[in-house]
Every structure is written in C-alpha cells, then in structure tokens.
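Please read the structure below before turning to the comments.
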Amino acid sequence: MAASRSPRRPEPARLLGIAFLATVALVWSTPLAWMIVASFRPQSFGGLDMASLVPNFTPTLANWREALDSADFARLYLNTVIVCLGILMVQLVTITLAGWAFARLEFRGRTVLFYAFLLQLMLVPPILIVPNLVTITRLGLYDTLTAVMAPYFASAFGVFLMRQTFRTIPRDYEEAAVMEGAAWWQVVARVLVPLARPGLVAFSIVSVVAHWNEFLWPLMVVSSTENQTLTIGLASFTRGAESASQWGVIAAGTFLVAATLLSALALFPRQFVNSFPFFGVK
C-alpha cells in the first residue's frame with residue numbers, strides 16, 4: 001500500500017504573489033475604508049487623520065442627512081443615468097455597425113481607413129474640448145444633457161473591440177442565414193450580435209464607468225444646476241463643505257456618488273471579471 005503523500009506546499013513564488021496582491025488590495029481599499037468610517041463619524045470627533053479608521057466613536061447619520069439636504073442627489077442621479085444610458089445606447093449601434101463593416105465588408109482602403117479611425121485613440125480628450133464646445137454652441141445644444149452626450153456617440157475603442165470580436169466568429173453562421181433569405185441587417189442583429197454579447201458587455205461596462213466619472217466635459221457645457229451630473233454636483237457640494245472642514249459630510253456625499261458602481265461590482269463580480277477575457281465564440 002503506497003504511503004499517503006503529504007499536502008503540497010505552496011511555492012515561494014506563489015506566496016510572494018499572494019502577499020503582493022494582498023498588499024495592493026490593502027493600499028487600494030484604505031481610502032475607501034476611511035471614507036466609509038468618516039461618513040459615520042461625528043463632526044466633533046476630530047480632524048482629518050488616518051487614526052479615524054479605528055471606529056472608537058458612536059456612529060451617527062448626521063453627515064448623511066446633511067449631505068442629502070445640501071445637494072439634490074435625486075436630480076444628479078437622474079441626469080447621470082440619462083447621460084450614461086443615452087451614450088451607451090447610441091454607442092452600441094454605432095460600434096456594432098462600424099465594427100461589422102470593418103470586419104466583413106470588402107472595399108478599397110478598408111485597412112488604411114480603419115487605422116486612420118484608430119488614430120483618435122492617441123488624442124488626449126482635453127485637446128478636443130475647444131472645437132467640440134464651438135460645435136455644441138453653434139448647434140444650440142449648450143447647457144443640455146444632449147451636449148454632454150454628443151461627443152461620445154462614436155467610440156474608436158468600441159469599433160476596434162467589435163471588429164476583433166466579429167472576426168473571431170466563423171462566417172458559416174452568416175452564410176447559413178443568407179441562404180435562408182436573411183438581409184444584412186438581420187444577419188447583424190440576429191446572428192452576429194448575440195454571438196458578440198461578451199464583447200458588448202465588456203464595452204458597456206467600460207463605457208458606463210468612464211462616463212459616470214466624467215468631469216471636465218460636463219463642467220464645460222453645463223451651467224445650470226438642473227443639468228448637472230453627479231461629478232459636477234459633488235464638486236459644487238464639496239467646495240462649501242470643505243471650507244467648513246466638514247470631512248464627514250464630504251465623505252458621505254462622495255460615497256453617495258460612488259455607491260452605484262460599488263454596488264454593481266459587489267452584486268455582479270463574476271460578470272465584471274468574465275466579460276473582459278472572452279470576446280467572441282469559443
């Protein structure tokens with residue numbers, strides 16, 4: 001009878017990797033932990049210091065009540081949701097059609113045009129603020145939610161992602177659909193889009209997170225409080241609270257802005273992680 005083998009010990013490289021990841025997670029989560037603790041800390045407890053991470057005080061909801069009374073978070077949330085979903089809905093159409101055209105259609109100069117299209121990935125967004133602002137003003141869209149959304153209706157990253165996704169899908173599916181009498185738009189909508197769902201999910205996550213946190217462009221094209229997004233409203237809200245050193249109120253307001261994305265990550269961690277490494281058909 002063979003002797004039972006002793007449990008395999010973790011390799012030193014694996015242990016170092018785990019220790020490194022644990023250290024990174026601790027460093028990354030420290031500001032978040034401080035924000036949560038500070039939001040429940042009484043204003044009379046003290047100033048801004050890392051020692052406040054130790055919850056040796058009686059928690060209070062006063063900071064949350066003051067934050068909610070200081071800004072119209074319901075309006076800010078509504079505007080931000082409209083902007084993010086409006087951008088995403090248009091982007092899903094444009095990147096799907098453009099990605100399909102670059103992946104499947106044969107025309108002269110296709111490769112050159114595709115790489116020229118990707119050049120916009122090298123442009124720093126602030127470079128385009130002035131021409132975009134002039135265009136928005138001439139169109140009469142200044143101080144509207146449409147003005148916040150318009151520059152993002154097309155996405156070079158999204159087109160590249162969908163092109164690569166469609167190229168991984170065998171043409172047999174399309175040919176079978178064409179033989180059944182399907183038009184090109186039916187092939188795209190009913191054959192390619194369902195198979196490209198992982199790529200669309202990955203892009204949707206990137207798009208929503210990026211535009212949820214967008215600050216500079218909404219600041220440039222929105223002047224009224226009715227059309228402000230969360231990031232702009234938070235900046236206006238924190239200026240008054242910071243002057244009074246109300247760090248607990250600022251922490252509560254910041255958590256209200258970040259709560260949606262944090263909740264989505266906590267509720268759907270598998271979808272967030274699995275959407276990125278798989279962009280096509282197995």
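The figures follow:
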read-out	value
Residue that is exposed (fewer than 14 other Cβ atoms within 10 Å of the Cβ) and of a type in the set (S, T, N, Q), where the choices are Thr96, Thr111	Thr111
Wholly enclosed helices (runs of 4 or more DSSP H) of the stretch 185-282 bearing at least 2 residues touching a Lys or Arg at 6+ places or on another chain (Cβ under 9 Å) and at pLDDT 85 or above	none
Test: residue in the stretch 137-160 that is exposed (fewer than 13 other Cβ atoms within 10 Å of the Cβ) and either hydrophobic (A, V, I, L, M, F, W, C) or in contact with a strand residue (DSSP E or B) (Cβ under 6 Å, 6 or more places away or on another chain) (or both)	yes
Qualifying residue in the stretch 165-178 (condition: closer than 18 Å to Arg75 by Cβ, of a type outside the set (Gly, Ala, Ser) and either in a helix (DSSP H, G or I) or at pLDDT 90 or above (or both))	no
Among (1) modelled with pLDDT under 80; (2) touching a helix residue (DSSP H, G or I) at 6+ places or on another chain (Cβ under 7 Å); (3) farther than 27 Å from Gly253 by Cβ - the single one Gln91 does not satisfy	(1)
From Thr135, Thr94, Thr111, Thr80, residue being within 19 Å of the chain's Cα centre (by Cα) and more than 30 Å from Leu256 (Cβ to Cβ)	Thr94
Single match in Phe166, Phe153 (criterion: in contact (Cβ under 8 Å) with a residue 24 or more places away in the chain, farther than 20 Å from Trp212 by Cα and either out of contact with any Lys or Arg (no Cβ under 9 Å at 6 or more places or on another chain) or among the aromatic types (Phe, Trp, Tyr) (or both))	Phe166
Residues within the stretch 193-252 that are among the charged types (D, E, K, R) and closer than 27 Å to Met162 by Cα, tallied	2
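Okay, residues lined up against (1) in contact (Cβ under 8 Å) with a residue 24 or more places away in the chain; (2) of a type outside the set (Asp, Glu); (3) farther than 17 Å from Arg167 by Cα:
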{"site": "Gly99", "(1), (2), (3)": "yes, yes, no"}
{"site": "Ala103", "(1), (2), (3)": "yes, yes, no"}
{"site": "Arg110", "(1), (2), (3)": "no, yes, no"}
{"site": "Phe114", "(1), (2), (3)": "yes, yes, no"}
{"site": "Leu123", "(1), (2), (3)": "no, yes, yes"}
{"site": "Pro126", "(1), (2), (3)": "yes, yes, yes"}
{"site": "Ile129", "(1), (2), (3)": "yes, yes, yes"}
{"site": "Val134", "(1), (2), (3)": "no, yes, yes"}
{"site": "Arg138", "(1), (2), (3)": "no, yes, yes"}
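A quick yes/no check of all residues on (1) farther than 20 Å from Gln120 by Cβ; (2) of a type in the set (S, T, N, Q):
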position: Met162; (1), (2): no, no
position: Thr168; (1), (2): yes, yes
position: Ala176; (1), (2): yes, no
position: Gly181; (1), (2): yes, no
position: Arg197; (1), (2): yes, no
position: Val206; (1), (2): no, no
position: Trp212; (1), (2): yes, no
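The values are calculated or read from the model by the stated rules, or taken from the named source; none is laboratory data. Keep in mind that this is a model prediction, so the values were computed, not measured. No Cβ is skipped: glycine too gets one built from the backbone with ideal geometry, and neighbour counts run over all protein chains shown.
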